[in-house]
1. Tabulate in residue order the Karplus-calculated ³J(HN,Hα) for the stretch 249-255, using 6.51 cos²θ - 1.76 cosθ + 1.60 with θ = phi - 60°, rounded to whole Hz; enter x for Gly and Pro.
2. Would you mind calculating the gained length between I184 and S246 on full extension (0.36 nm times residue separation, minus the Cα-Cα distance), in nm to one decimal?
3. Along the Cα-to-C-beta direction of F275, a point sits 7 Å from the Cα; which residues of the stretch 191-218 have their amide N less than 12 Å from that point?
4. Report the accessible area of K210, computed with a 1.4 Å probe over the heavy atoms of all protein chains in place, in Å² rounded to the nearest 10.
5. Could you tell me which of the pairs K134/K207; K77/K134; K210/K280 are separated by over 19 angstrom between their Cα atoms in the structure shown?
Amino acid sequence: MAHARFPGRTANVAANLTSPVLGRPLCSNGTPWILYLFEQCVDNVWEYWSVVIGLISMFCFLLSTLPQIYEAYRNGKVEEAMSFGFLLFLFSGDLSSLIGCVLTSQLPIQIVTVVFYIFTDLLLISQFLYYKIKNNSSKKRPMLKWLCFLWCGASTVALLILPKFITDNNTSANTESASNSVEISGYACGYLASIFYLSSRFPQLYKNFKRQSTEGTSYMLFALAMMGNGTYGLSVIVVLPALAGSKQAFILKHLAWLIGSLGVLLLDFFVTAQFIIYRKNHSAKTSKKMNVPEVEPLLCEEEELSTF
């Protein structure tokens, strides 16, 4: 499925297509809701759980950026906590995903999903720029808030119209050479998106290391991304027992997105380690500061008593 942050998984997970076959009904034993949503004929337990786990992955990615948006709104110091490189690479990865969806004529639900990711990326980038300008400026800028509202409103309207515009104008060519070129371009977008997603973690890891802190960053952003990447990889692997064709060919076909998902999952373990280490350091420093004022007055009192 060309969903979530890795657009290379086409609707035919186990090469069990829903196209009509001569003399046979159209997907007579398939699961109706999967057939309706994804145009995929699922008639065994392995494919069924692959789709369910894939939907869990999609749901995790849909929610992943929302905690960070709230955290940025709450503390107002997102430019100190988040790396702009992280946000830029994340946006570039989702944009590559959208291009891949369009080039390979993916389903409308998949295009809508990746457009939502781009929308949340733009919200994060807008928040970053808004607070950076606001906090670095000595003068109050009342127009800045209104410009931000107008930008978010215009982006929302544009992104609501975009999926319908794409699906209405997205026509696929029927020639074999055109199909091959589209498939190659789809794989290229998959590898490019994976590179962007992998690259996104390094600026944030460096930012956390430089500050020796993760304050102002929501861990739920990375926790949900880890769940999304883990379940995506699982959804691809779980379908292997039901494959009629070559398992090696199937893995190679999805290698770009598996590298991206499992690679980012590995890097997010390092981010998790930073959250644990730096929060322990922060709590240790805080307790030290709280204990110092309590000790000093007692020492002073003992000195005064000794003079008498």
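1. So the Karplus estimates, Gly and Pro as x, are 5, 5, 5, 4, 5, 10, 4 Hz.
2. Contour length minus Cα-Cα distance gives 20.3 nm.
3. Taking a point 7 Å out along Cα→Cβ of F275, the residues of the stretch 191-218 whose backbone N falls under 12 Å are 214-218.
4. Result for K210: roughly 150 Å² accessible.
5. Long pairs (Cα-Cα over 19 Å): K134/K207.
The values are calculated or read from the model by the stated rules, or taken from the named source; none is laboratory data. Treat the numbers as computed from the prediction; the structure is a model and nothing was measured. Every residue, glycine as well, gets a Cβ built from its backbone with ideal geometry; the counts of neighbours run over all protein chains shown. The accessibility values were calculated without ligands, DNA or RNA, using every heavy atom of the protein model including side chains. Shrake-Rupley method; radii C 1.70, N 1.55, O 1.52, S 1.80 Å.
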